Amino acid sequence: MGQSVADHPPAAGSRTGHVGGHRRATARLFHLDDDGVDPVLGVHKLQEAFLNRYPDYPSGITVPAIVDIETVSVVTNDFNQIEADLSSQWGSFHRPGAPDLWPDAHRDEIDELSELIFHDVNNGVYKCGFAGSQAAYDQAFDALFARLDELSTRLETQRYLVGDTITQVDIRLWTTLARFDAVYHGHFKCNRSKLTEMPILWAYARDLWQTPGFGDTIDFPNVKAHYYEVHTGINPSGIVPGGPLVDGWATPHGCHTLSGRPFGDGTPPPLPS
């Protein structure tokens, strides 16, 4: 069974389409590909793969998703299981020198911390942005920044969250930090502090940004277009803000003074094509 991974860094030998930020309700368009068509599946919208599997599929069209090429049907959009499977079950598709993001020696600690980060940070910003009451917002807001403060303390004396190499839990935190000032601070009302006002997390995020495979995969205009154009319930005008400036991401971070080997015994990924 052939599979395509939508909106996820590809393993060596896999083929992917590029789901962009312009979602047109719940469709998830492939507008970043030539002629707006996924080069593997031959469809314009990821929604088509969901409907091929479940014709009456009632929920949102989310990424990442694994799609069977032969039937053009979604296999799973369970991001947590996809992460685990790509690390543990898809080894034959990994490029030579790919780092071990889920090392056995730290797996329990990685899983435990990942769960906390998901609930309070990754999902926490959404809990703030889509809170239906002041009480729900306050609870999510407090949990978000309490967790960020705790992570700042953790990173005072170590370069990465677990062990001395980049692991899955760093990637999980990175996805939210990278979007924090551009989206979550204003759009989702997560405004106690900007990322740039949290010195340790800002240095940590810049360290990752300047590491191959992180900053070179971020498209800020596309990120902002998705959130500000799609979430009409909290941004009915659809106006996309011009800022913030992104120059600071390339400034020195000082994290090299902490011990750590970004890719462990592996090697950096090639630059995106």
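Report whether or not R159 is more than 17 Å from the chain's Cα centre (by Cα), of a type in the set (K, R), buried (at least 19 other Cβ atoms within 10 Å of the Cβ) and farther than 21 Å from N235 by Cβ.
yes
S73 is checked against (1) surrounded by fewer than 17 Cβ atoms within 10 Å (Cβ to Cβ); (2) in contact with a helix residue (DSSP H, G or I) (Cβ under 9 Å, 6 or more places away or on another chain); (3) within 24 Å of H185 (Cα to Cα) and fails just one. What number does that condition carry?
The failed condition is (3).
Each row is one residue, and each column tells you yes or no for (1) touching a His at 6+ places or on another chain (Cβ under 6 Å); (2) of a type in the set (S, T, Y); (3) buried (at least 17 other Cβ atoms within 10 Å of the Cβ).
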site: R172; (1), (2), (3): no, no, yes
site: A178; (1), (2), (3): no, no, yes
site: D181; (1), (2), (3): no, no, yes
site: Y184; (1), (2), (3): no, yes, yes
site: H187; (1), (2), (3): no, no, yes
site: C190; (1), (2), (3): no, no, yes
site: L195; (1), (2), (3): no, no, yes
site: P199; (1), (2), (3): no, no, no
site: D207; (1), (2), (3): yes, no, yes
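Given the conditions (1) among the acidic types (D, E); (2) without any contact (Cβ under 8 Å) to a residue 24 or more places away in the chain; (3) assigned by TED's automatic domain parsing to the domain that holds G163, and given that D85 satisfies all but one, which numbered condition is not satisfied?
For D85, the failing item is (3).
Within the stretch 112-122, does at least one residue satisfy the condition of being under 18 Å from the mean Cα position of the chain (by Cα), farther than 25 Å from W209 by Cα, surrounded by 19 or more Cβ atoms within 10 Å (Cβ to Cβ) and among the charged types (D, E, K, R)?
no
Quick one: how many residues across the stretch 200-232 are closer than 26 Å to P268 by Cα and either among the small types (G, A, S) or touching a strand residue (DSSP E or B) at 6+ places or on another chain (Cβ under 9 Å) (or both)? Give the steps one after another, and end with the answer.
Residues of the stretch 200-232 that are closer than 26 Å to P268 by Cα, as a first pass: 200-223.
Right, trim to either among the small types (G, A, S) or touching a strand residue (DSSP E or B) at 6+ places or on another chain (Cβ under 9 Å) (or both) and you get 203, 205, 213, 215.
The qualifying residues number 4.
Can you tell me which residue among N222, N191 is farther than 25 Å from T157 by Cβ, in a helix (DSSP H, G or I) and over 13 Å from the mean Cα position of the chain (by Cα)?
N222
The values are calculated or read from the model by the stated rules, or taken from the named source; none is laboratory data. For clarity, every value in this text was computed on a predicted model and none was experimentally measured. Glycine also receives a Cβ, built like all others from the backbone with ideal geometry; neighbour counts cover every protein chain displayed.
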